[in-house]
1. Failed condition for THR159, given (1) surrounded by 16 or more Cβ atoms within 10 Å (Cβ to Cβ); (2) under 14 Å from the mean Cα position of the chain (by Cα); (3) without any contact (Cβ under 8 Å) to a residue 60 or more places away in the chain, with all others met?
2. Within region 46-57, can one find any residue that is part of a helix (DSSP H, G or I), closer than 22 Å to SER112 by Cα, touching a residue at least 60 places away in the same chain (Cβ under 8 Å) and of a type in the set (A, V, I, L, M, F, W, C)?
3. If the Cβ limit is 6 Å and pairs must be 6+ apart or interchain, which residue in region 96-125 that is closer than 29 Å to GLY137 by Cβ pairs with which residue that is of a type in the set (S, T, N, Q) and in a helix (DSSP H, G or I)?
4. Being touching a Phe, Trp or Tyr at 6+ places or on another chain (Cβ under 6 Å), surrounded by 19 or more Cβ atoms within 10 Å (Cβ to Cβ) and either outside any helix (DSSP H, G or I) or of a type outside the set (Gly, Ala, Ser) (or both) narrows it down to one residue among MET125, MET92, MET129; which is it?
Amino acid sequence: MDQQSAQQELAFVKKVIEDSRKLLIYDGKDMIVWGIVVALGMLAMYVIFQTNTKFSIPLLWAILIGFGWVYSIWRMKKIKIHRVKTFSGKMMSAIWLSCGISMTITGFGLTSSGILPGQAIIPVMSLFMGIAYFTSGTVLGMRYLYIAGISWWCASLLTAFLPGAHTFLIFGALIVAFHIVPGLIFYRKWKSEYVPQSVGTVK
C-alpha cells in the first residue's frame, strides 16, 4: 500500500468517525441511573463499616447491580428500534458494555473466589472507569471525558495507597462528579438538540 492510498483510507476513517459523532444520539439516562445506584451503594457501604451494621454486603450489591442490569437490558430492548446505528454509537456501546461486564465479574466472581481481596475492588473499579471514560473521550472528542478518565486513574492510585472506609466516600463523590454529571450533560444536550426534532424520541 503506497503512502497516497494510506492517507486516503485514513481520511475516510476520520470522516466516518466525524459523521458518526454528529449522528450519535444518547440521552445519558443509563449513566444517571447507574451513577445513582453505585453512589447509594457506596454510601451504604460507608455507613455499614462505620456503624458495624450487620448486613450482607454481597446481598446489597446483588440487589443494586441486579437492578442496574435489569434497567439497562430493558432500555436496550426499548430503544433498539429507535437508535441510529453509527460507528461512534457502536463503539460507545461496546466500550461501556465490556467494562460493565468486566466490573461485574470483578466485583462478584474474582472477590468470591478469593483471588482479589475486598480492599482492591475500588482501585480496580476505578481503573475500569478510567479506561471507559478516556476511550469514550477519544471516540466523541469530548475533553470533559478525558478529564474524567484521568481523574478515575488518579482515584485508583489514591484509594490503593490510602485504603479505609473513606474510600467509599471518595468513590461515591467521583461517581457523582464523573458519571452522574456527564450523564446529565448528555441528557441536557439530548433534550435541546434531539427531542425538539421529534425523531424516534424515547422516554
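1. Result: THR159 passes all but (2).
2. For region 46-57, residues part of a helix (DSSP H, G or I), closer than 22 Å to SER112 by Cα, touching a residue at least 60 places away in the same chain (Cβ under 8 Å) and of a type in the set (A, V, I, L, M, F, W, C): present.
3. Close Cβ pairs satisfying both conditions: ILE122/THR159; ILE122/THR167; PRO123/SER156; PRO123/THR159; VAL124/THR106.
4. Unique residue meeting the criteria: MET129.
Bear in mind these aren't lab numbers, they're just calculated from the coordinates by the rules spelled out. No experiment lies behind these values; they were computed from the predicted model shown. Heads up, the Cβs are rebuilt from the backbone with ideal geometry, glycines too, and the neighbour counts pull from every protein chain shown.
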